[in-house]
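The values are calculated or read from the model by the stated rules, or taken from the named source; none is laboratory data. Values in this document were obtained by computation on a predicted structure and should not be read as measured data. FYI the Cβ positions are ideal-geometry reconstructions off the backbone, even for glycines, and counts take in every protein chain you see. Keep in mind that these areas ignore ligands, DNA and RNA; they rest on the heavy atoms of the full protein, side chains included. Shrake-Rupley method; radii C 1.70, N 1.55, O 1.52, S 1.80 Å.
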Amino acid sequence: MPQTMDKAKTVARYEQVKAFIIERIDCGEWEVGHRLPSEHELVEKLGVSRMTIHRALRELTADGIVRRAQGVGTFVAQPAKHVELLEIRDIVDDIVASGHQHRAEVIAAETIRADSDLAIAFEQRASTRLFRTLIVHYEDDLPLQLEERFVSPQFAPDYLEQDFTTTNPHRHLYGIAGPEEIEHVVFAVTPPPDICSLLQLKKPEACLQLVRRTWVEGRVVMKGIFTYSGNRYSFGGRYRA
């Protein structure tokens with residue numbers, strides 16, 4: 001009898017499929033290298049559509065939780081190595097310190113409703129109101145960073161009123177309150193066409209993507225996704241062991 005997903009739950013069906021798979025990985029039932037059931041088998045087992053299964057597996061692949069081999073199957077991936085970033089680096093300071101000129105182009109500044117992924121990131125309900133900005137940072141005439149930020153209106157109610165061609169979002173938010181807790185995760189990604197266009201990449205190439213969340217007074221106040229061309233920028237740090 002199929003283990004059907006609970007239709008009464010408000011969580012999206014593909015999120016339930018992701019949770020089902022992650023739970024089996026976390027409990028050790030499916031170890032690194034284990035071949036997952038086929039999409040057809042998961043459809044039969046969970047009672048959801050093929051499209052739902054496909055989206056869940058696509059997002060788990062993007063998150064590095066599973067890997068897909070064309071014509072072979074989907075397997076539990078080896079966890080990515082995790083290292084600490086020792087400081088928050090301001091792209092404007094980096095550009096100016098290197099002797100170049102910084103310029104910002106605002107692509108979007110809007111109010112949105114959180115989808116399920118953002119709701120989880122902000123530890124809030126789905127459809128929670130958030131501010132979103134999308135900004136390209138240039139070093140001279142070369143786009144160096146694509147910055148996408150989601151900000152809690154309760155933390156920064158006048159965020160969208162700022163002119164981010166002259167005001168740095170990083171400094172504006174820090175001027176309200178410095179974070180009490182910071183989460184950094186770095187990925188290697190192949191960007192979709194829209195990001196390639198904004199970063200002026202002639203063809204898809206490996207990019208670095210830093211995902212950051214910050215907490216103030218125990219609440220998530222900002223999630224940022226910062227994408228860099230892999231051959232234009234690098235992360236680094238030095239510390240005494």
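Observations on the model:
- All distinct Cα pairs of the range 12-56 go into the 1/r average, and the inverse of that average, the Kirkwood radius, is 10.7 Å.
- Principal axis box of the range 83-168, alpha-carbon based, largest edge first, Å: 44, 34, 20
- With the simple spin-label model, which puts each label point 7 Å out from Cα in the Cβ direction, the residue 162 to residue 129 separation comes to 1.9 nm.
- Degrees separating the helix 50-62 axis from the principal Cα axis of the chain, which is the longest one: 50
- When the chain is described by a simple charge dipole with +1 on each Lys and Arg Cβ and -1 on each Asp and Glu Cβ, the residue from 99, 124, 168 located farthest towards its positive end is 124.
- Projected area, mean over directions - the chain, Cα convex hull, nm²: 16.1
- In this Cβ point-charge picture (+1 for Lys and Arg, -1 for Asp and Glu), the chain has a dipole of about 700 debye about its Cα centre.
- Dipole magnitude of the range 125-171, debye to nearest 20 (Cβ charges: Lys/Arg +1, Asp/Glu -1, about Cα centre): 480
- Across the range 139-241, Cα pairs under 8 Å and at least six residues apart give a relative contact order of 34 percent.
- Estimated at 0.36 nm per residue, the fully extended path between residue 187 and residue 67 surpasses their Cα-Cα distance by 41.7 nm.
- Based on Cα contacts under 8 Å between residues 6+ apart, the chain shows a relative contact order of 14 percent.
- Charge dipole of the range 97-239 (Cα centre as origin; +1 on each Lys and Arg Cβ, -1 on each Asp and Glu Cβ, all else neutral): 240 debye, rounded to the nearest 20.
- For a modelled paramagnetic label at residue 78, 7 Å from Cα along Cα-to-Cβ, the residues of the range 186-208 in reach, with backbone nitrogen under 16 Å, are 188.
- Rounded to 10°, Cα long-axis angle of helix 13-26 versus longest principal axis of the chain: 80
- Overall, the accessible surface of the chain at a probe of 1.4 angstrom is composed of carbon and sulfur to the extent of 50 percent.
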